[in-house]
Structure formats: C-alpha cells, structure tokens
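Worksheet: one structure, shown below.
Here, each number is a calculation from the coordinates, and none is a lab measurement. Predicted model only: the values in this text are computed from it and were never measured. Cβ placement follows ideal geometry from the backbone for every residue including glycine, while neighbour counts extend to all protein chains displayed.
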Amino acid sequence: MKIALMLGKFPALSETYILNQITGLISRGHEVDIYADEPGETSKVHPDVEKYNLLDKTRYAPLPAKKVIRTVKGSKILLAHGYKSPMTLLRSLNLFKYNYFKHRDQGYFLRLLYSAIPLLDQPAYDIIHCHFAPYGLRGVLLREIGAIQGKIITTFHGFDVNLYPRQTHPKIYQDLFQKGDLYTANTPYTASKAVALGCPPDKILTLPMGINLSHYTFRPPTLGQGESVKIMTVARLVEKKGIEYSLKAVAKVLEHNPNLEYRIVGDGPLRGPLEHLIGELGIAEKVQLLGWKTQEELFHLYDSSHIFLLSSVTAADGDQEGQGLVLQEAQARGLPVLSTLHNGIPEGILEGKSGFLVPERDVEALAEKLSYLVEHPEVWPQMGKAGRTYMEEGYDINKLNDRLVEIYQQLLGSS
C-alpha cells in the first residue's frame, strides 16, 4: 500500500508511538510519505529516524504566523506553483467555504494553500492516516479540493477531543465526521469523547498506541544495600501532567522516608513554577528536573529507577491526558506504576497488580500509595511481572501494527 501520514511536527521525541507505527508499516513493505507542518526537535532524535531515512520521506508546509506575511508569501506560492494544478489551488482559496472563521481557528487562513503545495506532484494514496483530529479535518478538506486522493483514517489521541474543541468550537470536526472514512482512538474513553462530539459510532475503532517491546528489556527493580529509592516521571511540564501533586506527595513521603530521589524527565512552560515549588517544599536536594532525553538516555534512567509516577489531572482549560503511553513503557520495563483515575489511564494499568490509581489532585492518597511502594520493595518484582505480561498481551506494537494493516485493508476492501 501507498500510505500518507499527516502530522503536526516530525520528528518529535514525545511521539515515539507514531514513529513506531511508521517504521512498522515500512518494515511490512508499505510505502510511507510523511507530511508535517514543521520539524520537531532536531538536536535529539530517535535513531529510527535515521535508520529508516524518514527525513527524506518527509515534506513540510510551514505557515507564517503573521497574516500579512502569510498573505504575501501565499501570493508568491501561487505564482510559483499555480501552473501545476490551478483549480486545486484556486479551490483552496475559497474563503467562503474554507475560511478560518468557519473553523474558529485563527491559523486556518490560507492553511489549505500552504498544505496543498507539497501534495501537488504526488500520486494518489491508498490510505491517508491523520494523527490528531485537526489534521484529519485538514485531510478531508485537502481531499475535497483535489490536492490528495485516498481513504482517510483519523486517530484521536486525547488533546483533540478534550482541549481543542474547547479552544475552537464544539462543532469544529463537523466536516471531518461527515467526510472521513474511518476513525481510531487510543482508548475506549477517548473514543467515547469523539462520539460525543459527533463521530459516527459505527466508524470508530479502539486501537491503543503500542510500544516496541524488544526495546524494553524486562528488568524488575531491586533495591541494593544502602541504595536510595528512585522515583521517575516522564512528562511535558504542563498542568495536565499534575507534576505539582507528585512533588507535594514526594515531599510528604520524604518526611518519614528520606532515602529516596525523584527524577523528572521532560520540559515545558511550567518548569519555572515547578522549580519554585521544589524550593518552597524544601526538596531541591532530592528532586532533579532533567529536561528531555534521547531514548537511549531514557532507558538508562528506567534501568536505575524503582517506581514510576504520573499524577495526571484535568487542567483548568479542560486539557486532559489521552492514553498516558509512558505508563505502558514503564510497565514494559518492569516498574510498578502509580497514577490517577483520569480518562483512559485506568485502562492501561492493572489496578492493585501492576500499579495503583488514586483520585486526581489527592495528595494524601498519592503519598499513601507512594509510601507503600517505597516501604515494600519486596512487591516490586511481582508487580513488574504483572505489568510486563499486560503489555505483551495488549500493547505490543508488532501485534498492533498487524492490526492496523488489517484495518487499512478492510477499509480499502469496503470501497
């Protein structure tokens, strides 16, 4: 099959689940092209990006932020590329039908024009797979103006059915739901949110984001003589990750269990406020904000950690977690996990067996379960084994990629 992937940024260290899907499709003999708005972080990239020459398969369509510059540059684009497919580009300028007021998205003005350019000299695709619903919406509109051809499947991840409709409009995806061919969601909870927004329930399937288990050596943690208990979090430093509650819980546990360390991998807009909170709590000597790490660096941190913590919450603006894939990565490695009763997270953890779940923002409950895990290292191997088995059964990327190919084939066969 000839497959197009539509994304926001590529490559992105925080979206290895999409990368695993791409490389899985290529390994199965399918031809994959990637269309993204802009490059992601390039100073640190996953080794598979180079191994599969993915940058050579990627075309970008950056959109100038300022409307004036966007308009001037758009005029030059029309002059330079208009001969290739004049009707397609003219249709992209139908502001009555595709204007940014309709979609309540200030970045939508001339978006179709810019996105259409990399597609003009491309043949028809069998499948156009759009990750995150805003790109699914763009995909169906690009197909409607004749810029791309193929069956369109859109994957919902969480942000797109929680925060984005709040930021734009509850009916933002009306065109997507009317014109898309099929939809997948990473959890049943995410699927239910999509259906509530208008997604046809008979056209949506649940397909978790998977992990490459061959990269995650099962190493249930053990505690050496005199060794500190090491707690680990991997997350963007944004409100919905609930890092402040993790820090407060760790501070409470430190009051009676001082022999522990807390390492947080990730970065984001809340780094400054979190550094201030760490100082206020008096735990600066016990907490490290490590920034983003490569996969190899991340694996070393997993290997030297004992407990994984992710206390996700619903943010004030309505933003919520989707699947919480880092929890699956930690379980695959053999770590007991501690998280919250938040959206699709409970579906990815065996409560009481591979980890524990507590209510959102409940620092006392979080500290209580964390204390138990810190004080009972003898339960770590059993919990780690339960988590690994659960990952092998439901989150193996090879099995999920096989299932994805079946979904593609069924979609093509239904036409």
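Output the Kirkwood hydrodynamic radius of the chain, Cα pairs only, in Å rounded to one decimal. Could the numbers behind the result be given before it?
Numbers: mean 1/r = 0.0443 Å⁻¹.
Computed over the chain, the radius equals 22.6 Å.
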- Message: Could you derive backbone 3J(HN,Hα) for the stretch 21-29 from the dihedral phi with the Karplus parameters 6.51, -1.76 and 1.60 (θ = phi - 60°), listing whole Hz in sequence and x where the residue is Gly or Pro?
- Response: 5, 4, 5, x, 5, 5, 4, 8, x
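Sort Arg403, Arg333 so the one with the fewest other Cβ atoms within 10 Å of its own Cβ comes first. Could the numbers behind the result be given before it?
Numbers: Arg403 15, Arg333 28.
Listing Arg403, Arg333 from fewest to most nearby Cβ atoms yields Arg403, Arg333.
Considering Cα pairs under 8 angstrom that are at least six residues apart, work out the relative contact order of the chain and quote it in whole percent. Numbers along the way, then the final one.
Numbers: 754 pairs, mean separation 60.7, N = 415.
Taking the mean separation of contacting Cα pairs over the length of the chain, I get 15 percent.
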- Item | Nearest-ten-degree value, helix 271-281 long axis tilted from longest Cα axis of the chain | 20 degrees
- Relative to the chain, whose Cα atoms define the longest principal axis, helix 67-81 and its Cα axis are tilted in degrees, nearest 10, by 50 degrees
- Message: Counting only helical runs of four or more DSSP H residues, what would the 222 nm mean residue ellipticity of the chain come to if each run contributes -39,500 (n - 2.57) and the total is spread over all its residues?
- Response: -12000 deg cm²/dmol
- Query: Between the stretch 137-162 and the stretch 42-80, what's the alpha-carbon centroid distance in Å?
  - Reply: 18 Å
- Taking the chain as a Gaussian network, where each spring joins two C-alpha atoms under 10 Å apart, which residue of Lys353, Lys293, Lys84 fluctuates the most? Lys84
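Shape of the stretch 213-394 from its Cα gyration tensor (a ≥ b ≥ c, root eigenvalues): rounded if a/c is under 1.5, otherwise prolate when a/b > b/c, or oblate?
Details: a/c = 1.37, a/b = 1.15, b/c = 1.19.
It is rounded, given that a/c, with a ≥ b ≥ c, falls under 1.5.
Just for the stretch 213-394, what percent of DSSP beta bridges are antiparallel, to the closest 5?
Numbers: 1 of 21 bridges.
Close to 5 percent.
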- For Phe356, the residues 5 or more places away or on another chain with a placed amide H closer than 5 Å to its own amide H are Val337, Leu338, Ser339
- Message: Give me the one-decimal nm value for the distance between modelled label points at Arg166 and His276, 7 Å along each residue's Cα-to-Cβ direction.
- Response: 2.2 nm
